[in-house]
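Here is the structure we will look at.
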Amino acid sequence: MASITQRVVRSWSSRGALPVLLWPVSALMWLLVTLRRQAYRLGVMKSESPGLPVLVVGNRIVGGAGKTPATIAIVQHLQRQGWHPGVLTRGYKQAADAQPFTLIGQSSANQLSATDVGDEPLLIWRRTQVPVMVGRDRVAGGQALRQACPELDILVCDDGLQHLRLARQIEVVVFDERGAGNGWLLPAGPLREPIAPMAPASLVAPPIVLYNAEKPTTPLKGHLAQRAMAPMQLLSQWWSGQAGDASQQPPRDGAWAVAGIAHPPKFFDQLAALGFNTHPVACDDHDPYTTLPWPDGIAHVIVTEKDAVKIRPERVRQERPATQVWVAALDFRPEPSFWQAIDSALARLPRHHL
């Protein structure tokens with residue numbers, strides 16, 4: 001039987017009886033969010049700069065909407081444009097006794113696990129090789145990252161739209177197929193805040209909307225991102241940074257597909273569209289994989305990169321020696337107009353410390 005939380009989440013796609021019942025609480029939520037944003041805009045509450053320009057990537061809706069793939073793509077674009085970015089992130093699901101700040105870099109990455117810093121920060125580092133500072137206080141984290149890596153000239157904050165104490169110059173707002181749901185704020189709907197709230201005064205351009213979907217899913221004008229899978233890699237190849245070989249791929253029938261992401265069916269559907277007939281295993285988002293979620297004797301398992309960062313090859317060889325684990329990396333490509341909007345905003349930034 002579905003829990004009350006599951007029933008509430010399912011109700012967010014419409015304005016049925018349960019959302020209507022919860023609407024008064026959402027109205028109060030809207031008032032508090034609006035007053036808080038106004039307080040920051042008027043200077044009653046203070047935003048602070050970490051000393052570098054900041055580009056924030058986030059979403060208005062609860063749950064994963066594609067922030068991490070967007071963050072990775074933006075960091076890689078900044079690198080191609082000659083910037084030297086670093087990343088700030090909260091480190092969701094890291095250990096409760098974790099340090100206030102943890103720097104992921106060349107000298108520390110191999111000693112850190114997803115339990116220490118969270119799975120998404122480790123994935124961002126592996127895909128970009130830029131310094132990643134993990135900590136709840138993004139302002140202090142940004143200042144610490146700037147001191148540790150003085151070569152940086154811009155910070156990208158993964159999931160920080162509502163962290164208004166962090167002054168920012170550019171915002172990227174990501175929506176997926178769910179759009180804004182029924183358009184109401186929590187708990188009657190899925191929105192953390194209105195889809196087009198009062199923008200921070202520090203922005204050099206209006207928020208840039210990116211749709212991680214086949215078509216726009218809100219009335220907001222924005223840009224689309226194409227999603228595809230790159231050639232799959234064996235887990236050991238992925239960990240060593242080798243490219244996938246299109247001629248060596250898992251069998252189309254009989255493999256298990258494991259996904260510990262916000263919306264596992266999205267991953268399974270992508271595999272089906274490529275002709276794979278898999279046995280799907282949906283795990284909780286950010287599952288730590290204390291126990292590997294497939295039995296011994298399974299020949300082939302396909303996982304997402306977010307799963308792969310928590311499953312080391314040596315562990316598979318020890319616990320599931322009969323299994324070949326394949327990593328399905330996401331090829332996330334925003335359309336050219338998105339990069340034009342990003343570059344236009346970047347051109348307005350001072351390329352020196354603020």
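Observations on the model:
- Kyte-Doolittle mean at least -1.0 and Cα axial length at least 18 Å: DSSP H helices in the chain: 17-42, 67-80
- Protection-proxy order for peptides 282-292, 320-330, each taking the mean of Cβ atoms within 10 Å per residue, highest first: 320-330, 282-292
- The slack between LEU31 and ASN110, meaning 0.36 nm per residue of separation minus the straight C-alpha distance, is 23.9 nm.
- FRET efficiency for HIS84 and ARG312, using Cβ-Cβ distance with R0 set to 30 Å, rounded to 0.05: 0.50
- Around the amide H of SER47, modelled in the peptide plane, lies no amide H under 5 Å away from a residue 5 or more places distant or on another chain.
- SER247, SER47 arranged by Cβ crowding within 10 Å, fewest neighbours leading: SER247, SER47
- Stretch in the chain that is longest and holds no GluC sites (Glu not before Pro) that DSSP places in a loop and that have at most 15 other beta carbons within 10 Å: 1-150
- For TRP256, nonlocal amide neighbours, meaning residues 5 or more places apart or on other chains whose placed amide H falls under 5 Å from its own, are HIS279, HIS300, VAL301, ILE302.
- Modelled FRET efficiency - R0 41 Å, LYS221 with VAL44, Cβ distances, 0.05 increments: 0.85
- Likely footprinting exposure, HIS223, HIS84, fewest C-beta neighbours within 10 Å first: HIS84, HIS223
- A full extension of the chain between ALA201 and ALA299 corresponds to an added length of 29.8 nm, given 0.36 nm per residue minus the alpha carbon distance.
- Projecting label points 7 angstrom from Cα along Cα→Cβ for SER337 and GLN162 puts them 3.0 nm apart.
- Pairs from the table (LYS67/LYS306; LYS221/LYS306; LYS67/LYS215; LYS266/LYS306; LYS221/LYS266) lying more than 20 angstrom apart at Cα are LYS221/LYS306; LYS221/LYS266.
- Close amide H partners of MET229, meaning residues 5 or more places away or on another chain with modelled amide H under 5 Å apart, are ASP331.
- Taking every DSSP beta bridge that has both ends in the chain, the antiparallel portion is near 25%.
Throughout, read-outs are computed from the coordinates displayed, never taken from laboratory work. What you are looking at is a predicted structure, and each value in this text was computed from that prediction instead of being measured. Using ideal geometry, Cβ is built from the backbone for each residue, glycine included, and neighbour counts are taken over all protein chains shown.
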